[in-house]
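Chemist: The structure that follows is given in the form of structure tokens.
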């Protein structure tokens, strides 16, 4: 009788071990990784003044998939580690005999539905670096697609001749040309599957 109980217990242990083995999950582990710098992306474009009648483009959207832009080795994956966007423009100084208002621009970077914005600036240069403290490192790792948006504000020139009761007279300009430069770094990662 004792022998029969031992056999039953042994069979039960074997069944438990088989079931436990079937429940093992496969875990993705890093086999090798290399830090790399991507080739900078440069775009020259134009945006129209939203205050100018019939303006067609007051913002431009760049949807970038860095996994397809980077020069990856077959079998590896990309983990984006840093992103810096620089925008530069020169105000065209429309109008005459008046105080010129520099053309304001704004840069927005969106990763995984979280947006980091420079706000509107009229300095002629904007640099926005995507900090890991703002966009969590795991978001950068999980998303290779980033949306970069460039917006233009009201452009123009103002004057305040005394004979028009101090009201501002406005001369519009049609918008402005700009140069967008995108720099990024990434890890090229080779994974292997292991039982967890």
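Chemist: How long is the gain from residue 82 to residue 129 if the chain were fully straight, where each residue apart is worth 0.36 nm and the alpha carbon distance is subtracted?
Modeler: 16.1 nm
Chemist: Quick one: order 46, 32 by neighbouring beta-carbon count within 10 Å, fewest to most.
Modeler: 32, 46
Chemist: Kindly rank 60-66, 149-155 from highest to lowest mean number of other beta carbons found within 10 Å of each residue.
Modeler: So the order, starting with the most tightly packed, is 149-155, 60-66.
Chemist: Given the Cα-Cα distance of residue 154 and residue 91 and 0.36 nm per residue of separation, how much length would full extension add, in nm?
Modeler: Result for the pair: 21.5 nm of gain on full extension.
Chemist: Let me ask something else. Roughly what would the spin-label model give for residue 194 and residue 115, points 7 Å off Cα along C-beta, in nm?
Modeler: Each label point is offset 7 Å from its Cα along the Cβ direction, giving 4.2 nm.
Chemist: At 7 Å along Cα-to-Cβ for each site, give me the label-to-label distance between residue 37 and residue 185 in nm.
Modeler: Placing both labels 7 Å beyond Cα along the Cβ direction yields 0.9 nm.
Laboratory data are not the source of any read-out in this text; all were calculated from the coordinates shown. Small disclaimer: the values here were computed from a predicted structure and weren't measured. Every residue, glycine among them, receives a Cβ derived from its backbone with ideal geometry; neighbour counts consider all protein chains shown.
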